[in-house]
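FYI, it's all coordinate maths here, none of it is from the lab. Nothing here was measured: the structure is a model prediction, and the numbers come from that model. Positions of Cβ are generated from backbone atoms using ideal geometry, with glycine treated the same way; all protein chains shown enter the neighbour counts.
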Amino acid sequence: MSAVARAASASSGSVYHRFPDRPALQAALWTRTLTRFQAGLIAAMNTDPPRRAAIAAARYVVEWSRAHPAEARVLLAGAREFGASTWPSAAVRASEQAQKRLDAAFHDLGGRLGDPVAREPNRLLIALVDLPYATVRRYLSAGKPIPPDAADLVEQAVTALLDQARR
């Protein structure tokens, strides 16, 4: 908590006033980062046509991570690394609600993409989550910038997966 206060050029008392303990601070960091990220991702997934939405969502993961590397590292680490088991109940509920919103967006997009993808929901998760995250993880974990063409490469891979589903 004192390191956060120093980084924010604030008194430790003001940090403790806002966040009563470390779990509350960690939960707030996680929830804020997740909410900001998901807003853009879900917006991309809700565009039309659905195939373009899937590609836009995958590109969004890479482009957002490239623009926000510190925040992307937070999400890639995962809630567990931020002490999720010790979070206040309100923070746990907020995280669960965020996951429900994302699940609903994936379900909706899968349905809009049509029967082949809807029957294989893992294909959509691989295309929109696993591929983009694998692409950015390599660079973020090494402390290197994500290359400008990374989103293009992810788009090509997502297009191939979606084309495979139609066959």
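Look at (1) 30, 19, 14; (2) 33, 18, 12; (3) 23, 20, 12: the one that is semi-axes √(5λ) of the Cα gyration tensor in Å derived from this structure is (2). Taking Cα centre as origin and charging only the Cβ of basic (Lys, Arg, +1) and acidic (Asp, Glu, -1) residues, the dipole magnitude of the chain rounds to 280 debye. Helices in the chain, meaning DSSP H runs of at least 4 residues, each add -39500 (n - 2.57). Divided by all residues, the mean residue ellipticity at 222 nm is -24000 deg cm²/dmol. A simple rule links phi to the HN-Hα coupling: the Karplus curve 6.51 cos²θ - 1.76 cosθ + 1.60 with θ = phi - 60°, which for the range 78-84 gives x, 4, 4, 5, 9, x, 3 Hz, with x for Gly and Pro. Cα centroid separation, the range 49-99 to the range 102-143: 13 Å.
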